[in-house]
Amino acid sequence: MTVRIERLVTSGQFTLDGGTWDVDNNVWIVGDEREVIVIDAAHDAKAIADAVDDRRLIAIVCTHAHNDHVNAAPALAELTGATVWLHPDDLPLWRQTHPDRDPDRHLQDGQVIEAAGTDLTVLHTPGHAPGAVCLYDPGLGTVFTGDTLFQGGPGATGRSYSHFPTIIESIRDRLLTLPPETKVLTGHGDATTIGAEAPHLEEWIRRGH
Ligand SMILES: [Fe+2]
């Protein structure tokens, strides 16, 4: 069985602290011909279910609980029977979007999700959100970073539940220590690599975002 990574882009809105922004999100579908994992069920449960097609959806893994990354998770779970996984430090954020429906499983640092031919290690990387995680698959040479690391720098830390020194520590200690050729697949926008971003850490610290 060949493991593939598929990217689906969905559109919607991000809302926090009374502001609302139009956003495009990357939904990652990882797996083989029989079963898959979805990373971040953003905006459109039907479109994600259509992309999963007749494969079995094992888990809906949330990189963090900003509404744009989790707003379609319960509906996708309903459509497919899959469980929703979130780091418990993001439950306060989750409940702003889904007050009546908690995630099914808790993610924890170091946990390995072995399913659908993948081998995803959970890296707890707080800063953008307290329960933000990245998912690293050494076999695929890929890390899914959600909103923690983008092409060009760290995720935003200007709003509630975010903290710049914490995201810098997460990026420095947990991500930039991965092999430089590791592909970085992000929650929004284009991919990058650890090696392309690592030289810029001091620059990000100096500019403060
Ligand atoms: Fe976010």
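The values are calculated or read from the model by the stated rules, or taken from the named source; none is laboratory data. This one's a predicted model, so the numbers in the text were calculated from it and none came from an experiment. We place every Cβ from the backbone using ideal geometry, glycine too, and count neighbours over all the protein chains shown. Only protein heavy atoms, including side chains, enter the accessible area calculation; ligands, DNA and RNA are left aside. Shrake-Rupley method; radii C 1.70, N 1.55, O 1.52, S 1.80 Å.
Assess whether Asp40 counts as being at positive phi, within 14 Å of the ligand (Cβ to nearest atom), in contact (Cβ under 8 Å) with a residue 60 or more places away in the chain and surrounded by fewer than 22 Cβ atoms within 10 Å (Cβ to Cβ). No; evaluated as a whole, the condition is false for this residue.
Counting residues in segment 188-204 that are open to solvent by less than 40 Å² (accessible area, probe 1.4 Å), of a type outside the set (D, E, K, R), under 15 Å from Gly131 (Cα atoms) and touching a strand residue (DSSP E or B) at 6+ places or on another chain (Cβ under 9 Å) gives zero. Taken over segment 20-55, the criterion of being touching a helix residue (DSSP H, G or I) at 6+ places or on another chain (Cβ under 8 Å) and not small (Gly, Ala, Ser) is satisfied by Val23, Asn25, Val27, Ile29, Val36, Val38, Asp40, His43, Lys46, Ile48, Val52.
For segment 54-69, the condition holds for at least one residue, the condition being that it is more than 19 Å from His128 (Cα to Cα) and of a type in the set (Asp, Glu). The residue that is modelled with the lowest pLDDT, counting only those in segment 8-37 that are of a type in the set (A, V, I, L, M) and within 16 Å of the ligand (Cβ to nearest atom), is Leu16. Here His188, His200 are screened, and the one residue that is at negative phi and within 16 Å of the ligand (Cβ to nearest atom) is His188.
So is Val133 in contact with a Cys (Cβ under 9 Å, 6 or more places away or on another chain) and either away from the ligand (no atom under 15 Å from the Cβ) or open to solvent by 10 Å² or more (accessible area, probe 1.4 Å) (or both) or not?
Values: in contact with a Cys (Cβ under 9 Å, 6 or more places away or on another chain): yes; either away from the ligand (no atom under 15 Å from the Cβ) or open to solvent by 10 Å² or more (accessible area, probe 1.4 Å) (or both): no.
In short, no.
Report yes if Arg7 is under 19 Å from Phe150 (Cβ atoms) and open to solvent by 50 Å² or more (accessible area, probe 1.4 Å), otherwise no.
Details: under 19 Å from Phe150 (Cβ atoms): yes; open to solvent by 50 Å² or more (accessible area, probe 1.4 Å): yes.
Answer is yes for this residue.
When Asp119 is tested against (1) away from the ligand (no atom under 16 Å from the Cβ); (2) modelled with pLDDT of 95 or more, exactly one condition is not met: (2). Given the condition away from the ligand (no atom under 15 Å from the Cβ), under 17 Å from the mean Cα position of the chain (by Cα), within 17 Å of Ile60 (Cα to Cα) and free of Cβ contacts under 8 Å to residues at least 24 places away in the same chain, answer yes or no: does some residue in segment 92-106 qualify? Taking every residue of segment 92-106 in turn, at least one turns out to be away from the ligand (no atom under 15 Å from the Cβ), under 17 Å from the mean Cα position of the chain (by Cα), within 17 Å of Ile60 (Cα to Cα) and free of Cβ contacts under 8 Å to residues at least 24 places away in the same chain. Looking only at residues in segment 58-79 that are closer than 19 Å to Phe14 by Cβ and assigned to a helix (DSSP H, G or I), the one that is most open to solvent (accessible area, probe 1.4 Å) is Ala75. Per this entry, Thr125 is counted among residues that are touching a Lys or Arg at 6+ places or on another chain (Cβ under 8 Å) and within 16 Å of the ligand (Cβ to nearest atom).
Please find, among Val112, Val27, the residue that is within 30 Å of Asp173 (Cβ to Cβ) and without any contact (Cβ under 8 Å) to a residue 12 or more places away in the chain. Please lay out each step first, then the result.
Numbers: Val27 fails: without any contact (Cβ under 8 Å) to a residue 12 or more places away in the chain.
None of the other options fit; the residue is Val112.
Considering only segment 163-175, state which residues are away from the ligand (no atom under 16 Å from the Cβ), open to solvent by 40 Å² or more (accessible area, probe 1.4 Å) and not charged (D, E, K, R). Within segment 163-175, just Pro165 meets the criteria.
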